[in-house]
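J.: Structure in C-alpha coordinates, see below.
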Amino acid sequence: MRALPLACLCALLAACAPMPDLGPASRNAVAAGAYPGLKPMPELLAAAAAAGDATALTAGVGVSDARIAALRARAAALDAPVLPPASLDRLNNALPGN
(Lines give C-alpha, C1' and ligand atoms only; values in the text may rest on other atoms or scores of the structure.)
Protein backbone atom coordinates (compact mmCIF):
# COMPACT_ATOMS: atom_id res chain seq x y z
CA MET A 1 0.00 0.00 0.00
CA ARG A 2 2.95 2.32 0.62
CA ALA A 3 4.18 1.85 -2.93
CA LEU A 4 1.12 3.43 -4.57
CA PRO A 5 1.71 7.01 -3.33
CA LEU A 6 5.39 6.68 -4.17
CA ALA A 7 4.57 5.45 -7.68
CA CYS A 8 2.17 8.35 -8.20
CA LEU A 9 4.80 10.82 -7.04
CA CYS A 10 7.40 9.35 -9.40
CA ALA A 11 4.95 9.51 -12.31
CA LEU A 12 4.17 13.14 -11.58
CA LEU A 13 7.84 14.05 -11.36
CA ALA A 14 8.64 12.22 -14.60
CA ALA A 15 5.84 14.05 -16.41
CA CYS A 16 7.36 17.39 -15.37
CA ALA A 17 10.81 16.58 -16.77
CA PRO A 18 11.94 18.49 -19.86
CA MET A 19 12.35 16.64 -23.16
CA PRO A 20 15.98 15.53 -23.51
CA ASP A 21 18.06 17.03 -26.31
CA LEU A 22 19.19 14.16 -28.53
CA GLY A 23 21.78 16.20 -30.36
CA PRO A 24 22.14 17.77 -33.79
CA ALA A 25 22.15 14.42 -35.63
CA SER A 26 18.60 13.64 -34.56
CA ARG A 27 17.39 17.18 -35.28
CA ASN A 28 18.88 17.03 -38.79
CA ALA A 29 17.36 13.60 -39.45
CA VAL A 30 13.91 14.83 -38.42
CA ALA A 31 14.22 18.02 -40.45
CA ALA A 32 15.36 16.16 -43.59
CA GLY A 33 12.76 13.38 -43.29
CA ALA A 34 9.98 13.21 -45.83
CA TYR A 35 6.44 13.12 -44.52
CA PRO A 36 4.21 10.36 -45.88
CA GLY A 37 1.61 11.35 -48.41
CA LEU A 38 -1.93 11.53 -47.13
CA LYS A 39 -4.75 10.05 -49.15
CA PRO A 40 -8.48 10.59 -48.75
CA MET A 41 -10.25 7.83 -46.80
CA PRO A 42 -12.78 6.99 -49.57
CA GLU A 43 -9.88 6.33 -51.95
CA LEU A 44 -8.22 3.96 -49.46
CA LEU A 45 -11.47 2.12 -48.75
CA ALA A 46 -12.20 1.73 -52.46
CA ALA A 47 -8.71 0.33 -53.08
CA ALA A 48 -9.07 -2.13 -50.20
CA ALA A 49 -12.51 -3.28 -51.37
CA ALA A 50 -11.31 -3.72 -54.95
CA ALA A 51 -8.26 -5.77 -54.03
CA GLY A 52 -9.69 -7.91 -51.26
CA ASP A 53 -6.25 -8.23 -49.65
CA ALA A 54 -3.10 -6.23 -48.96
CA THR A 55 -1.80 -5.92 -52.54
CA ALA A 56 -3.59 -2.63 -53.37
CA LEU A 57 -2.72 -1.09 -50.04
CA THR A 58 0.98 -1.87 -50.41
CA ALA A 59 1.31 -0.92 -54.09
CA GLY A 60 3.12 2.38 -53.57
CA VAL A 61 4.81 1.51 -50.31
CA GLY A 62 7.58 -0.76 -51.56
CA VAL A 63 6.44 -3.89 -49.75
CA SER A 64 7.29 -6.99 -51.76
CA ASP A 65 5.12 -10.06 -52.19
CA ALA A 66 7.85 -12.08 -50.48
CA ARG A 67 7.63 -9.89 -47.38
CA ILE A 68 3.84 -10.20 -47.32
CA ALA A 69 4.14 -13.99 -47.63
CA ALA A 70 6.76 -14.09 -44.85
CA LEU A 71 4.54 -12.04 -42.53
CA ARG A 72 1.54 -14.28 -43.24
CA ALA A 73 3.63 -17.38 -42.53
CA ARG A 74 4.85 -15.85 -39.29
CA ALA A 75 1.27 -15.04 -38.26
CA ALA A 76 0.21 -18.60 -39.02
CA ALA A 77 3.08 -19.94 -36.90
CA LEU A 78 2.05 -17.72 -34.00
CA ASP A 79 -1.49 -19.04 -34.28
CA ALA A 80 -0.32 -22.64 -33.68
CA PRO A 81 -0.91 -24.31 -30.30
CA VAL A 82 1.76 -23.65 -27.71
CA LEU A 83 1.73 -27.09 -26.13
CA PRO A 84 1.52 -30.42 -27.88
CA PRO A 85 -1.81 -32.21 -27.24
CA ALA A 86 -0.19 -34.88 -25.01
CA SER A 87 1.33 -32.25 -22.70
CA LEU A 88 -1.92 -30.32 -22.58
CA ASP A 89 -3.85 -33.47 -21.58
CA ARG A 90 -1.26 -34.29 -18.90
CA LEU A 91 -1.50 -30.78 -17.41
CA ASN A 92 -5.29 -30.78 -17.52
CA ASN A 93 -5.39 -34.16 -15.73
CA ALA A 94 -3.05 -32.83 -13.04
CA LEU A 95 -5.50 -30.07 -12.09
CA PRO A 96 -7.56 -30.69 -8.97
CA GLY A 97 -11.10 -31.84 -9.71
CA ASN A 98 -10.24 -33.80 -12.86
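J.: Out of the residues in region 1-59 meeting the condition of being more than 30 Å from Arg72 (Cα to Cα) and polar (S, T, N, Q), tell me which one is modelled with the lowest pLDDT.
T.: Ser26
J.: OK, next. Which of the residues that make up region 65-93 are exposed (fewer than 10 other Cβ atoms within 10 Å of the Cβ) and assigned to a loop (DSSP other than H, G, I, E, B)?
T.: Across region 65-93, the qualifying residues are Asp79, Ala80, Pro81, Val82, Pro84.
The values are calculated or read from the model by the stated rules, or taken from the named source; none is laboratory data. These figures come from a predicted structure and were not determined experimentally. With ideal geometry, Cβ positions are generated from the backbone for all residues, glycine too; neighbour counts draw on all protein chains shown.
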